[in-house]
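Report on one structure; see the data block that follows.
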Amino acid sequence: GQLPTWLQGMLLRNGPGMHTIGDSKYNHWFDGLALLHSFTFKNGEVYYRSKYLRSDTYNCNIEANRIMVSEFGTMAYPDPCKNIFAKAFSYLSHTIPEFTDNCLINIMKAGDDFYATGETNFIRKINPQTLETLEKVDYNKYVAVNLATSHPHYDSAGNVLNMGTSIVDKGKTKYLLFKIPSSVPEQEKKTSCFKHLEVVCSVPSRSLLHPSYYHSFGITENYIIFIEQPFRLDILKMATAYIRGVSWASCLAFNKDDKTWFHFIDRRTKKEVSTKFYTDALVFFHHINAYEEDGHIIFDIIAYTDNSLYDMFYLKNLSKDFEKNAKLTSIPTCKRFVVPLQYDKDAVVDSNLVTIPSTATAVKEKDGSIYCQPEILCEGIELPRINYDYNGKKYKYVYATQVQWSPVPTKIAKFNTQTKEMLQWRQDDCWPSEPVFVPSPDAKEEDDGVVLTCVVKTDPKDPPFLLVLDAKTFTELGRAIVNVEMHMDLHGMFIPQQGMKTETE
């Protein structure tokens, strides 16, 4: 096929790549050592490159030829020959664990630099051109967080907004929203943007020892949306996981009888909206988008009724009959919540406060809290992406992978949130990855551009390829076949040519 001449830059992707080291194997697919890969678009041609992230975790494991550093689903143990004192000490030192820097989930841009990110307090700077691993950054040096999301937001000035959890810091567990500036003052050109990191605000956890797990958060022009779900980490269990010989993942529990709380933080006052908004128990990983309309906040998420998704990816479940055997007990559902921030304070109890056209409801309860029920937009999509120019604004299109009852995607979809129409791309024996939308330089409409996805074939003898679709029609423009083994990955970003420093810089 033919690539548009304007498509110049790089698609940079991240995900788990190595699951066996020596005789040891990771338990979970999300634990594998991070593998970066890139597709560079230059004058109608595509160049591919991949490289393992040379994290401390990677180096330590490779040197020992076994898994030495614990990951979320795999607990690692030090040398069994150690004497009893060394063993006891090592048990004690694992209570607040030294987390891994195997940053395998996403890529983040901060200032002019790019970082591989996971969900711990460590991120690794990388060179996007060569995929070399550079310095390790510990968020904890700048802000008291033990965990942070891999889905930051970028404001119009290029500042990074992200959230992290501060576990039992000064006797409190809280969720912190922090900002990494896109540039530092002229006189401090040598310092890192992390030195100027600021905490925007904090939300206290409803429970000191059971903070909510979260993978992303939402943003509108004036608000940050944080969802506290009843899918929680048990800190005491986590502190004793090492001694008990279990993984940290076993310290995550979903309480289906609990509520899911919505927190809205005013970006100007940095204060949380005082009204209590909630919905039924759900588990979710990805926010799609959010915006404001007539005194309401509208936000779209992909939610599940249980946490079976995580369990699917234990490697013992990922056998060759995986597609046939792995059945999600809950299908991903795209839910739209409509939350009235400005409502009639004298409204009667049990009345629906949503005043814009929607089947979503927000009902006032006796105690003044507001119970929200969503509109179901569609089912069976995951790894959602949008045209990021529309982030926080009213939008139409979601690009996503399509899954049915198995968590491995077999199709790419473009979903219109307004008309509910769905366009699809699929081909036999193909597993596509998260689709990334790239707008064309002179875009007039939201879907003027292309969608890029890496496609792995189910037959290892068939080469994988990069697929380029016209975002409007969802027809194939071209594909670049890669004659090396490629792994299914998680997330990534497109870096336009002008957004990259050249080698000499």
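The values are calculated or read from the model by the stated rules, or taken from the named source; none is laboratory data. Just so you know, these numbers come straight off a predicted model, no measurement behind them. Note: ideal-geometry Cβ built from the backbone for every residue, glycine included; neighbour counts use all protein chains shown. SASA here: full protein model, heavy atoms, side chains in, ligands and nucleic acids out. Shrake-Rupley method; radii C 1.70, N 1.55, O 1.52, S 1.80 Å.
What the table shows:
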{"item": "Selection from Ser166, Ser358, Val69 lying farthest towards where the dipole of the stretch 9-499 points positive, charges on Cβ", "result": "Val69"}
{"item": "Surface accessible to a 1.4 Å probe, Trp431 within the full protein complex, Å²", "result": "50 Å²"}
{"item": "Carbon/sulfur fraction of accessible area - the chain, other protein chains in place, 1.4 Å, %", "result": "51 percent"}
{"item": "Solvent-accessible heavy-atom area per residue, rounded to whole Å², over the stretch 9-499 at 1.4 Å", "result": "43 Å²"}
{"item": "Percent RCO, i.e. relative contact order, over the stretch 9-499, from Cα pairs under 8 Å lying at least 6 residues apart", "result": "11 percent"}
{"item": "Ranking by accessible area, most exposed first, for Arg49, Arg267 with a 1.4 Å probe", "result": "Arg49, Arg267"}
{"item": "With DNA, RNA and ligands ignored, accessible area of Leu36 (1.4 Å probe; Å², nearest 10)", "result": "0 Å²"}
{"item": "Centre separation in Å (Cα based) which lies between the stretch 256-322 and the stretch 445-466", "result": "28 Å"}
{"item": "Virtual spin-label span in nm between Thr269 and Asn416, 7 Å along Cα→Cβ", "result": "4.0 nm"}
{"item": "Ranking by accessible area, most exposed first, for Asp113, Asp346, Asp56 with a 1.4 Å probe", "result": "Asp346, Asp56, Asp113"}
{"item": "Those aspartates and glutamates that a straight Cα-Cα span of less than 17 Å connects to Lys472, excepting residues fewer than 8 apart in one chain", "result": "Asp389, Glu421, Asp442, Glu445, Glu446, Asp447, Asp448"}
{"item": "Straight-distance crosslink candidates among lysines, where the alpha carbon sits under 28 Å from Lys276 and sequence neighbours closer than 8 are dropped", "result": "Lys170, Lys172, Lys174, Lys179, Lys256, Lys259, Lys335, Lys345, Lys364, Lys366, Lys393, Lys394"}
{"item": "Largest-first ordering by accessible area, 1.4 Å probe, given options Glu421, Glu188", "result": "Glu421, Glu188"}
{"item": "Reach of Lys136 by Cα under 16 Å, taken over lysines that are not fewer than 8 positions away in the same chain", "result": "Lys109, Lys125, Lys195"}
{"item": "Prolate/oblate/rounded label for the stretch 209-338 (Cα gyration tensor, a/c 1.5)", "result": "oblate"}
{"item": "Given charges at Cβ of Lys, Arg, Asp, Glu: the chain dipole, positive-most of Ile412, Ile21, Leu466", "result": "Ile21"}
{"item": "Gain on full stretching of the segment that runs from His215 to Ser308 - 0.36 nm per residue minus C-alpha separation", "result": "31.9 nm"}
{"item": "In Å², nearest 10: area of Thr361 left accessible to a 1.4 Å probe", "result": "40 Å²"}
